[in-house]
Structures are given as C-alpha cells and as structure tokens.
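Chemist: Attaching a single structure in structure tokens format; questions to follow.
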Amino acid sequence: MPFPAVWLVALVAPGPQESPHPMSKQKQLSRARRVAVATLLYLGAVAMGLGSAWWVLKKAPWLNQSLQVGAWKTNLRAGSADADLYIRASIAVNALLALDRSETMYFVAGTDDDGRALRSSCTYRVSGTPPKARWWSITAYADDMFLFDAPNQHYSLNGSTAKLDDQGRFVFVLGPSAPTDRTYWVPTVGRGGAVLTLRLYNPNPELQANPASLVPVRIERQGDCV
C-alpha cells in the first residue's frame with residue numbers, strides 16, 4: 001500500500017530549526033574589552049601622530065633655520081626655492097604667506113629688546129628708521145595670530161601712515177592704553193601674548209642677499225604692565 005503523499009511530505013520536510021546558542025556573558029565581555037583596547041590604541045596613535053606633526057612644524061630645530069637681528073627673527077628659507085614641504089607647512093601653520101624673497105621679506109618679534117615676551121597688557125615704544133624696501137609695515141597680532149580688536153582701527157604702522165621726525169625716524173606706541181600725546185597708537189587688548197610682524201615689500205638687493213644687514217626696529221617696554 002503506497003504511502004499517502006502527505007506522509008512523504010512529513011518524512012522529508014525539515015523540522016523546526018534550532019536557534020544558535022546565545023553568546024555567553026563572559027565572551028561578550030571579552031569581545032567588548034578587545035574593542036575598547038583597539039579603540040584606545042587607535043586614538044593613542046592618532047594623538048601621537050598629531051602631536052609629532054605639531055612638534056615638527058612648531059619646534060623642530062631643523063626647520064628653524066632663523067636669523068635674529070635685535071628682537072626680530074626671520075626664517076632664511078621662507079620664500080626660498082630651497083623650502084621643502086615641511087618648511088612650507090610650518091610657514092602656513094605660523095600664519096605667514098611667504099612670497100619670494102625678492103617680493104617680500106618677513107621678520108617676526110615675540111620679545112622686546114631685553115628678551116622679555118611681548119604681552120598685550122604691557123606698553124611698548126616701537127621706533128626705528130624705515131627699512132630699505134619699496135614699502136613696509138609692522139602689524140600687531142595676538143598670540144593666536146589674529147588681529148587685536150582695535151577701537152581706533154589701527155592694526156599696524158606702515159610706509160604710508162608713518163610720520164618721520166627730523167632724524168628720519170618713526171615711532172608708535174603698542175599697548176592697551178592710548179598715549180597722552182599724539183603718538184600713533186596701535187592698541188592691544190586682553191592679558192595674552194603679542195607678536196609683531198615686519199613685512200618688507202620689494203626689499204633692496206643688498207637686504208635680500210644679507211638679511212642680517214637689517215637695521216632693527218627697537219621695541220622698548222614702558223613702565224609696568226596693567
């Protein structure tokens with residue numbers, strides 16, 4: 001007697017599938033621990049990479065091929081054909097748009113003539129003779145390399161705004177309070193650091209060939225800081 005078709009279906013049809021055993025709590029904890037360790041290692045590697053890159057661009061001695069004249073420093077490779085990718089990245093990080101030396105030279109001062117760090121809460125007398133260039137400017141920046149919030153909109157002194165005395169010298173006051181006389185005032189605010197940048201546009205060939213020949217602009221602190 002042949003089997004009814006329904007019996008054959010019942011014999012060959014698969015039974016209910018068993019669900020896989022759930023992962024034990026101990027295995028779950030072990031997996032979570034491995035993920036946490038891998039994440040920490042990854043974040044540590046990223047932090048080390050960023051930190052080493054910052055050190056190279058800001059502190060590496062082989063990038064700091066600078067010349068100092070008075071309180072002013074210049075990177076001898078800035079704007080040079082010898083500047084490699086690291087030099088160019090360092091210049092970008094330090095907020096200089098370095099053109100070819102025949103077009104522009106840059107000198108930066110972060111201290112006064114006595115070697116004390118410039119502070120926005122201090123007052124300075126900045127004086128000198130116009131550098132040997134077609135045009136020049138001295139701009140004040142906060143230590144984050146942004147311009148100060150100057151109420152009189154005087155952010156710099158330059159070849160157009162400088163008034164020369166009988167000896168052919170200019171002078172301006174850098175600090176939080178306006179001078180009592182009519183001396184040109186470049187305001188600073190806050191209690192952070194300050195940086196002065198001297199830009200020389202189309203410097204004369206002698207200065208291009210020998211940056212050390214720059215007659216440095218003087219930076220003298222006046223009285224106590226507020």
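The values are calculated or read from the model by the stated rules, or taken from the named source; none is laboratory data. All values derive from a computational prediction rather than experimental measurement. In this analysis, Cβ positions are derived from the backbone assuming ideal geometry, glycine residues included, and neighbour counts consider all displayed protein chains.
Chemist: Given R182, R191, R134, R169, which one is out of contact with any His (no Cβ under 6 Å at 6 or more places or on another chain), under 13 Å from V217 (Cβ atoms) and among the charged types (D, E, K, R)?
Modeler: On the way: R182 fails: under 13 Å from V217 (Cβ atoms); R191 fails: under 13 Å from V217 (Cβ atoms); R134 fails: under 13 Å from V217 (Cβ atoms).
Just one listed residue meets the conditions, R169.
Chemist: So, L118, is that one under 18 Å from P176 (Cβ atoms) and either loosely packed, with under 15 Cβ neighbours inside 10 Å or of a type in the set (G, A, S) (or both) or not?
Modeler: Judged against the criteria, L118 is not a match.
Chemist: Another one. As an exercise: evaluate E220 against (1) in a loop (DSSP other than H, G, I, E, B); (2) within 24 Å of Q68 (Cβ to Cβ); (3) at pLDDT 95 or above and give the number of the one condition it does not meet.
Modeler: Only one criterion is unmet by E220, namely (1).
Chemist: Now a separate question. Restricting to region 169-206, name every residue that is out of contact with any Gly (no Cβ under 7 Å at 6 or more places or on another chain) and basic (K, R).
Modeler: R182, R191, R199
Chemist: Does Q208 satisfy the condition of being in contact (Cβ under 8 Å) with a residue 12 or more places away in the chain and closer than 19 Å to Q68 by Cβ? Even if it seems obvious, please write down each step before you answer.
Modeler: Numbers: in contact (Cβ under 8 Å) with a residue 12 or more places away in the chain: yes; closer than 19 Å to Q68 by Cβ: yes.
When the stated conditions are applied, Q208 passes them.
Chemist: Say whether the condition of being farther than 24 Å from F146 by Cβ, modelled with pLDDT of 95 or more and either of a type outside the set (S, T, N, Q) or part of a loop (DSSP other than H, G, I, E, B) (or both) is met by at least one residue in region 184-201.
Modeler: Checked against the condition, which is being farther than 24 Å from F146 by Cβ, modelled with pLDDT of 95 or more and either of a type outside the set (S, T, N, Q) or part of a loop (DSSP other than H, G, I, E, B) (or both), region 184-201 yields no hits at all.
Chemist: Right, next: Can you pull out the residues in region 70-102 that are part of a loop (DSSP other than H, G, I, E, B) and at pLDDT 90 or above?
Modeler: Those that are part of a loop (DSSP other than H, G, I, E, B) and at pLDDT 90 or above: G70, A71.
Chemist: Does region 142-155 include one or more residues that are part of a strand (DSSP E or B), buried (at least 20 other Cβ atoms within 10 Å of the Cβ) and in the same structural domain as A71 (by TED's automatic domain parsing)?
Modeler: No, region 142-155 contains no residue that is part of a strand (DSSP E or B), buried (at least 20 other Cβ atoms within 10 Å of the Cβ) and in the same structural domain as A71 (by TED's automatic domain parsing).
Chemist: In region 187-226, which residue that is among the small types (G, A, S) and over 25 Å from the mean Cα position of the chain (by Cα) is farthest from V173 (Cα to Cα)? Walk me through it before giving the result.
Modeler: We begin by selecting, within region 187-226, every residue among the small types (G, A, S); these are 190, 192-194, 209, 212-213, 223.
Next, only the ones that are over 25 Å from the mean Cα position of the chain (by Cα) stay: 209, 213, 223.
Numbers: A209: 31, S213: 25, G223: 13 Å.
Filtering first and then ranking leaves A209.
Chemist: Report, by residue number, each residue of region 156-178 that is closer than 13 Å to L118 by Cα and assigned to a loop (DSSP other than H, G, I, E, B).
Modeler: P176
Chemist: If you take the residues in region 133-157 that are touching a Leu at 6+ places or on another chain (Cβ under 8 Å) and small (G, A, S), which one is farthest from A194 (Cα to Cα)?
Modeler: A133
Chemist: In the set R134, R125, R169, which member is touching a residue at least 40 places away in the same chain (Cβ under 8 Å), in contact with a Ser or Thr (Cβ under 6 Å, 6 or more places away or on another chain), assigned by TED's automatic domain parsing to the domain that holds L198 and among the charged types (D, E, K, R)?
Modeler: Going through R134, R125, R169 in turn, the sole match is R169.
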